[in-house]
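Participant: Got a structure for you, questions after.
The values are calculated or read from the model by the stated rules, or taken from the named source; none is laboratory data. All values reported here derive from a predicted model rather than from experimental measurement. Cβ: placed from backbone, ideal geometry, glycine included. Neighbour counts: every protein chain shown.
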Amino acid sequence: MVEEGSGRPCRGGGVVNRITWASVFHSQQAAEKALKAVLPAVGVQPPKTHIIEHLLMLLRGKEVDVGPVMEASRLTDYAVEARYPDFEDEPSEEEALEALETARRVVDWAKNQLSRLGVNC
């Protein structure tokens, strides 16, 4: 069902902003994939998980400093919720921009770590 004139789908009587949902979901995915790219470089097999905090814990104590990207754990909620937005809490544009900036920092961090570890990407 689409709210007339908005082009946005309705779920459970509420309107879901597909742009912010897509943005936060893809930000979470970028951060997750970037962290998973670093894991083999430090000798850890990437697990099948969307829980960023778990990935950060696997990296902690290895040859990398995860301190600068610990904030990425807050993106975990967007892994599943963004795919099934049938509840009331919709990410705001500000949240989407914050998630995007966090993802950019994680990707940049991962590239730096991989370069430092001698992995060309």
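Participant: Tell me which residues, restricted to the range 54-88, are hydrophobic (A, V, I, L, M, F, W, C), over 22 Å from Asn120 (Cα atoms) and either modelled with pLDDT under 95 or in contact with a Phe, Trp or Tyr (Cβ under 8 Å, 6 or more places away or on another chain) (or both).
Facilitator: Selection gives Ala79, Val80, Ala82, Phe87.
Participant: Moving on. Tell me which residues, restricted to the range 23-77, are out of contact with any helix residue (DSSP H, G or I) (no Cβ under 9 Å at 6 or more places or on another chain) and outside any loop (DSSP other than H, G, I, E, B).
Facilitator: Pro40, Met57, Gly67 - these are the residues of the range 23-77 that are out of contact with any helix residue (DSSP H, G or I) (no Cβ under 9 Å at 6 or more places or on another chain) and outside any loop (DSSP other than H, G, I, E, B).
Participant: If a residue has to be surrounded by fewer than 18 Cβ atoms within 10 Å (Cβ to Cβ), at pLDDT 95 or above and within 23 Å of Leu97 (Cα to Cα) to count, how many in the range 27-50 make the cut?
Facilitator: 2
Participant: Additional query: Between residues in the range 102-114 that are in a helix (DSSP H, G or I) and residues that are surrounded by fewer than 21 Cβ atoms within 10 Å (Cβ to Cβ) and among the aliphatic types (A, V, I, L, M), which pairs lie under 6 Å by C-beta distance while being six or more apart or on different chains?
Facilitator: Ala103/Ala30; Val107/Ala30; Ala110/Ala37; Leu114/Ala41
Participant: Of all residues being touching a helix residue (DSSP H, G or I) at 6+ places or on another chain (Cβ under 8 Å) and closer than 25 Å to Arg74 by Cα in the range 6-20, which is modelled with the highest pLDDT? Just the residue, please.
Facilitator: Start the filter on the range 6-20 by keeping residues that are touching a helix residue (DSSP H, G or I) at 6+ places or on another chain (Cβ under 8 Å), which leaves 8-9, 19-20.
With closer than 25 Å to Arg74 by Cα added as a condition, the list becomes 19-20.
Working: Ile19: 84, Thr20: 87.
Residue satisfying both the conditions and the ranking: Thr20.
Participant: A follow-up question, please. Tell me whether the range 89-106 contains one or more residues that are small (Gly, Ala, Ser) and modelled with pLDDT under 95.
Facilitator: Scanning the range 89-106 turns up at least one residue that is small (Gly, Ala, Ser) and modelled with pLDDT under 95.
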